[in-house]
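Here is the structure we will look at.
The values are calculated or read from the model by the stated rules, or taken from the named source; none is laboratory data. Here the structure is a predicted model, which is why all the values come from computation and not from measurement. All Cβ positions, glycine included, derive from the backbone under ideal geometry; neighbour counts span all protein chains shown. Calculation scope for accessible area: heavy atoms of the full protein, side chains included, ligands and nucleic acids excluded. Shrake-Rupley method; radii C 1.70, N 1.55, O 1.52, S 1.80 Å.
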Amino acid sequence: MYEMEKKNLRHFSDYITRFLRPSVIKNFMTVYLDKEIVESILSKEMTSVTTAAQMLLDQMCYLEDMGWFQAFLDILLASEYTGLHEAIKEWNFQELEELNEHRRFLERIEPSITKHMKPSELLAHMSGCLKPIECEEIRAVSLLQRGRIAASEKLVTSLLRSDKPNWFKLLKIALENCDLDEALDLLETSNTSSVCLSEPEAMMTTVSFEYREEPETEDMLMSSNNTSVIEEPGGALVFANVTFDLCTGKPERSGERKLREYQKELTAAAVKSQNTIICAPTGCGKTIVALAISDYHLKQFPERAKIVFLATKVDVYEQQYKLFKEHFFSKDPNIRVTGMCGDMDYLSVRWLIENHDIVVMTAQILVNALQSSEVPSLEILSLILFDECHNTTGKHPYNNIMTRYLDTKLNSSTHSLPQIVGLTASVGIGSFKNELEAENNILQLCANLDTRVITTVTEHKDELKSYVHTPEKAFFEVKQCMSHPFIRIIKNIMSNIEQLAQKTFNMGTQSTPSREYGSQKYEQWIVSVQKSCRVLQMKNADEERRICRELYNYTEHLRKYNDALIINEDARTKDALDYLDAFFDQVRNAGYDETERKLTALYDCQRPQLLRLATEGDQNPKLDELRFILEEEYHNNDQTRTVMFVKTRALADAMKKWIDETDSLKFLKPGVLIGKGRKSNFTGSGMTPNNQKGILDSFKSSDQSKMLIATSVADEGIDIPQCNLVLMYEYVGNVVKMVQVRGRGRMEGSRCFLISSNKDRIAKEKINMFKEKMVEEAIEQLQSRPADLSNKVDMLQREDKARRDHISASPEKPKTQGSYELLCSKCKRFACMSDDIRVVLDLPLLKIESFVVQDCVTRRQHYFRKWRDVTFAMREFDMTEITAEACRPRD
């Protein structure tokens with residue numbers, strides 16, 4: 001696999017190693033290479049960057065992981081290797097080859113020019129060709145090490161490895177702006193050989209791009225592979241309104257991506273500098289609309305434009321950052337685009353904003369920068385785009401940002417706040433029973449986003465429908481199997497565990513659950529009991545620790561059995577048994593205590609019977625129905641592409657195993673798409689963006705995976721390739737989720753099926769369909785009354801502001817200065833003192849929810865879920881406290 005890519009990497013290695021610095025793409029190496037190899041490459045980089053880069057390429061040629069090559073391209077783009085990314089993507093190194101003349105020239109004059117440079121001044125003008133990490137290193141050399149000349153040498157070294165086509169031009173501009181005439185003279189007087197002819201005879205060729213307008217995914221809409229080349233008389237190559245200078249061989253990049261008419265309609269309010277919510281179906285190209293708005297904004301405000309595009313999740317950030325980077329690089333490399341997400345907190349947000357035209361980031365990054373005053377105000381921005389803006393409610397980071405925006409607006413008559421543009425597939429937020437309540441919810445969203453304009457497609461609906469197809473919806477109600485012996489045995493075990501827990505300690509009103517085994521309600525009971533255990537206090541501390549530990553073990557085992565019943569309801573009995581086996585393997589390997597031995601023996605006693613039932617029992621009727629649907633669909637159309645949504649990671653894994661082990665379905669080769677998060681018995685530690693990319697790439701290839709099994713990670717934001725069958729396997733949410741999930745079926749003739757044994761779940765989805773119509777009518781009503789919409793938004797904003805002011809005026813309860821013990825929340829053993837804790841910004845934190853806090857004076861115990869809720873004061877970190885004595889372990 002990837003033999004062609006590996007061959008090309010070897011063939012073009014001289015070019016690649018000339019520019020690539022392995023440490024910049026360390027995240028890629030740590031995912032795909034062994035730790036020892038990564039350390040060896042980074043060590044070699046200290047003495048020779050080129051040799052280290054060659055070592056990396058050599059190791060990449062041994063990779064077999066799915067998606068590694070696309071991950072390599074993605075990390076290059078994310079790390080601002082735009083030129084190298086483009087060259088490797090197209091296997092065309094002509095533009096990089098053209099940099100050689102400037103590189104050789106700068107190498108020749110380096111000893112002279114470094115004497116006349118002032119790096120600290122130049123850096124402010126060179127962010128377009130230097131990476132943030134390079135700028136930081138140059139500053140460090142200047143301030144902390146050997147001074148100006150050493151920093152100048154570091155700057156030249158960075159430029160010699162730059163893959164930006166404009167680095168030489170930016171260097172000249174920077175020298176001119178900083179009045180470094182002697183250095184500038186060295187560049188201009190000695191570089192005559194590199195100047196291209198400017199006479200009228202310099203030949204120009206006209207090129208034009210032709211884009212297919214088909215219902216593709218946003219990723220395909222952004223692709224430049226839809227280019228047709230026409231050779232005209234005289235050898236001119238025509239692509240589409242892009243001029244190529246034959247002196248340099250470079251395109252002038254004046255080509256314009258043609259928007260569809262409905263997409264132009266969606267930009268109408270935004271290009272008039274109005275705040276607006278753009279509401280349009282999934283798959284219509286809202287990201288293309290965002291790019292067009294950004295493009296227009298940059299032209300409208302060339303001197304002061306500062307654009308931030310916000311995403312809700314890292315997965316979506318990676319996707320949108322790539323699209324923005326590729327679009328503006330192909331359009332105009334001088335437009336500076338960068339990105340930042342949660343694992344890049346070593347970068348300065350303010351520096352990125354000040355030195356770039358567009359910054360794509362996750363919302364929490366901007367919230368943190370505002371809270372720390374690193375970004376003093378939103379007024380330093382000119383446009384904020386909110387992807388999936390329906391999330392701008394409650395305590396979501398989007399709403400945190402907009403609350404600051406509105407406070408600034410309502411507190412001052414003179415402000416320069418950015419334009420706000422929201423993008424969403426549905427504004428059907430919150431709960432509502434009629435059109436008036438739906439209107440009120442939409443008005444609140446408008447108030448939160450400070451918009452009085454809702455933009456939808458009204459004039460070009462027919463064109464929109466020709467590109468975006470709404471799948472036909474169908475419901476399959478399946479009879480539920482309630483009397484399986486496996487279920488009875490598990491419930492009996494759970495009942496026995498409850499009795500053991502009751503003997504350990506009588507929890508009073510919480511001692512008897514509702515007996516709704518295998519339900520979310522039972523899970524809530526477990527949570528309630530564990531919460532009570534955390535603050536359980538007894539006179540005998542040892543007895544308190546014993547009881548808390550036993551109760552925690554009992555309830556944790558009950559939780560796993562409850563999970564197994566849920567898996568059994570939706571998948572095979574075999575999958576539920578596998579889930580329990582994996583849990584008990586973990587228990588045995590962790591060095592279990594007497595209680596856990598007793599609980600493990602209880603399971604081991606019944607396991608032979610459970611195994612027999614798992615291998616000999618009847619098939620789950622829901623799986624029979626699902627098998628019939630899939631066999632029928634692929635029999636009628638062997639090119640069918642399916643996305644199936646399920647509730648949990650464990651169920652996603654179980655469904656994949658079932659399909660792989662079913663003879664009539666294993667040809668589907670399903671991929672599993674889940675999010676990042678805590679470890680589970682089935683799926684490990686979740687998926688990285690690179691893992692997700694590999695799965696999606698496999699699904700795009702017709703000769704590989706024909707089916708994708710996904711959790712909620714795929715219903716919002718992530719661009720799923722085209723499919724014509726969407727299955728919702730016991731998967732129902734609110735109106736917004738319904739619209740987004742259904743929108744994954746983008747091909748003409750697509751269908752969406754809900755498979756469930758729960759009548760209430762099917763009824764809820766039918767109500768969602770009815771509510772969707774309510775939302776559409778509510779939008780039309782609000783659009784027909786613009787003055788009324790504006791007045792109501794103003795009123796809601798004033799009311800919200802009054803509430804915030806009232807809360808702010810309430811005196812904050814002071815933090816106590818007393819001393820507290822932090823105890824393990826599971827076993828009540830001592831962990832540390834509150835006096836031992838220090839507040840350190842930008843470093844990982846302990847989770848306070850893992851502890852119980854005990855007052856050293858009153859001995860009263862408290863449980864807090866968030867650090868902001870604690871009642872005791874904590875000291876700031878001080879370097880002077882780091883002494884040999886302080887680092888010595890306690891007795």
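Give me the residue from the stretch 494-518 that is modelled with pLDDT under 85 and small (Gly, Ala, Ser) and, out of that set, farthest from THR600 (Cα to Cα).
In this case the residue turns out to be GLY508.
If you check LYS272, LYS306, which single one turns out to be at pLDDT 90 or above and more than 24 Å from the chain's Cα centre (by Cα)?
From the options LYS272, LYS306, the qualifying one is LYS272.
Suppose the filter is modelled with pLDDT of 70 or more and touching a Lys or Arg at 6+ places or on another chain (Cβ under 6 Å); does SER705 pass it? Working first, answer last.
On the way: modelled with pLDDT of 70 or more: yes; touching a Lys or Arg at 6+ places or on another chain (Cβ under 6 Å): yes.
For SER705, the condition - modelled with pLDDT of 70 or more and touching a Lys or Arg at 6+ places or on another chain (Cβ under 6 Å) - is met.
Can you tell me which condition ASP575 does not meet? The list is (1) among the acidic types (Asp, Glu); (2) closer than 30 Å to PHE505 by Cα; (3) open to solvent by less than 20 Å² (accessible area, probe 1.4 Å), and all the others hold.
It is condition (2) that ASP575 fails.
Just the residues that are buried (at least 19 other Cβ atoms within 10 Å of the Cβ), polar (S, T, N, Q) and free of Cβ contacts under 8 Å to residues at least 40 places away in the same chain, please, taken from the stretch 125-167.
Correct list: SER142, SER152, SER158.
Which residues, counting only those in the stretch 274-310, are assigned to a helix (DSSP H, G or I) and touching a strand residue (DSSP E or B) at 6+ places or on another chain (Cβ under 7 Å)? Walk me through it before giving the result.
Filtering the stretch 274-310 down to residues assigned to a helix (DSSP H, G or I) leaves 286-300.
Within the stretch 274-310, LYS286, VAL289, ALA290, ILE293, SER294, HIS297 meet the criteria.
Could you tell me whether any residue of the stretch 607-620 is out of contact with any strand residue (DSSP E or B) (no Cβ under 6 Å at 6 or more places or on another chain), farther than 20 Å from ASN568 by Cα, buried (at least 19 other Cβ atoms within 10 Å of the Cβ) and hydrophobic (A, V, I, L, M, F, W, C)? Don't jump to the end; show me each part of the working.
Filtering the stretch 607-620 down to residues out of contact with any strand residue (DSSP E or B) (no Cβ under 6 Å at 6 or more places or on another chain) leaves 607-620.
Those left that are additionally farther than 20 Å from ASN568 by Cα: none.
Within the stretch 607-620 (the criterion being out of contact with any strand residue (DSSP E or B) (no Cβ under 6 Å at 6 or more places or on another chain), farther than 20 Å from ASN568 by Cα, buried (at least 19 other Cβ atoms within 10 Å of the Cβ) and hydrophobic (A, V, I, L, M, F, W, C)), the answer is no, since none of the residues qualifies.
Counting only residues that are open to solvent by less than 10 Å² (accessible area, probe 1.4 Å) and small (Gly, Ala, Ser), how many does the stretch 270-282 have? Quick ask: steps written out before the conclusion?
Step one: of the stretch 270-282, the residues open to solvent by less than 10 Å² (accessible area, probe 1.4 Å) are 270, 276-278, 280.
Next, only the ones that are small (Gly, Ala, Ser) stay: 270, 280.
Looking only at that region, the number is 2.
Considering only residues that are in contact with a Leu (Cβ under 7 Å, 6 or more places away or on another chain) and without any contact (Cβ under 8 Å) to a residue 60 or more places away in the chain, look in the stretch 325-348 and name the one that is nearest to PRO165 (Cα to Cα).
If we take residues in the stretch 325-348 being in contact with a Leu (Cβ under 7 Å, 6 or more places away or on another chain) and without any contact (Cβ under 8 Å) to a residue 60 or more places away in the chain, then ILE335 is nearest to PRO165 (Cα to Cα).
If a residue must be charged (D, E, K, R), open to solvent by 10 Å² or more (accessible area, probe 1.4 Å) and touching a residue at least 40 places away in the same chain (Cβ under 8 Å), how many such residues does the stretch 524-572 contain?
We begin by selecting, within the stretch 524-572, every residue charged (D, E, K, R); these are 531, 534, 539, 542-546, 549-550, 556, 559-560, 563, 569-570, 572.
Next cut, open to solvent by 10 Å² or more (accessible area, probe 1.4 Å) only: 531, 534, 539, 542-546, 549-550, 556, 559-560, 563, 569, 572.
Checking which are touching a residue at least 40 places away in the same chain (Cβ under 8 Å) leaves us with 531, 534, 544-545, 549-550, 563, 569, 572.
Qualifying residue count, the stretch 524-572: 9.
Identify the single condition in (1) assigned to a helix (DSSP H, G or I); (2) touching a helix residue (DSSP H, G or I) at 6+ places or on another chain (Cβ under 9 Å) that THR640 does not satisfy, given that it satisfies every other one.
Answer for THR640: the failing condition is (1).
Among the residues of the stretch 366-411, which ones are more than 26 Å from LYS286 (Cα to Cα) and open to solvent by less than 40 Å² (accessible area, probe 1.4 Å)?
Correct list: ALA369, LEU370, VAL375, SER377.
From (1) surrounded by 13 or more Cβ atoms within 10 Å (Cβ to Cβ); (2) free of Cβ contacts under 8 Å to residues at least 40 places away in the same chain, pick out the condition that doesn't hold for SER810.
The single condition SER810 does not satisfy is (1).
Filtering the stretch 760-799 down to residues that are of a type in the set (Asp, Glu) and more than 30 Å from VAL732 (Cα to Cα), which residue is most open to solvent (accessible area, probe 1.4 Å)? Please lay out each step first, then the result.
Step one: list which residues in the stretch 760-799 are of a type in the set (Asp, Glu), which gives 760, 765, 772, 776-777, 780, 788, 794, 799.
When the remaining residues are screened for being more than 30 Å from VAL732 (Cα to Cα), the result is 788, 794, 799.
Working: ASP788: 49, ASP794: 49, GLU799: 79 Å².
Per the criteria, the residue is GLU799.
Look through the stretch 815-840, keep the residues that are under 13 Å from VAL857 (Cα atoms) and part of a loop (DSSP other than H, G, I, E, B), and return whichever of them is most open to solvent (accessible area, probe 1.4 Å).
By that ranking, first place goes to GLN817.
Tally time: how many residues in the stretch 445-496 are assigned to a strand (DSSP E or B) and open to solvent by less than 50 Å² (accessible area, probe 1.4 Å)? Spell out how you get there, then give the answer.
Residues of the stretch 445-496 assigned to a strand (DSSP E or B): 454-455, 472-477.
Next cut, open to solvent by less than 50 Å² (accessible area, probe 1.4 Å) only: 454-455, 473-474.
Here the count works out to 4.
Residues that are within 28 Å of LYS331 (Cα to Cα) and open to solvent by 20 Å² or more (accessible area, probe 1.4 Å): which helices (runs of 4 or more DSSP H) entirely in the stretch 1-100 hold 2 or more of them? So that I can check it myself, show each step before the final result.
Numbers: elements: 3-11, 13-19, 26-32, 35-45, 49-60, 68-78, 82-90, 94-97.
Per the criteria, 3-11, 13-19, 68-78, 82-90, 94-97.
In the stretch 311-328, which residues are assigned to a helix (DSSP H, G or I) and basic (Lys, Arg)?
LYS322, LYS325
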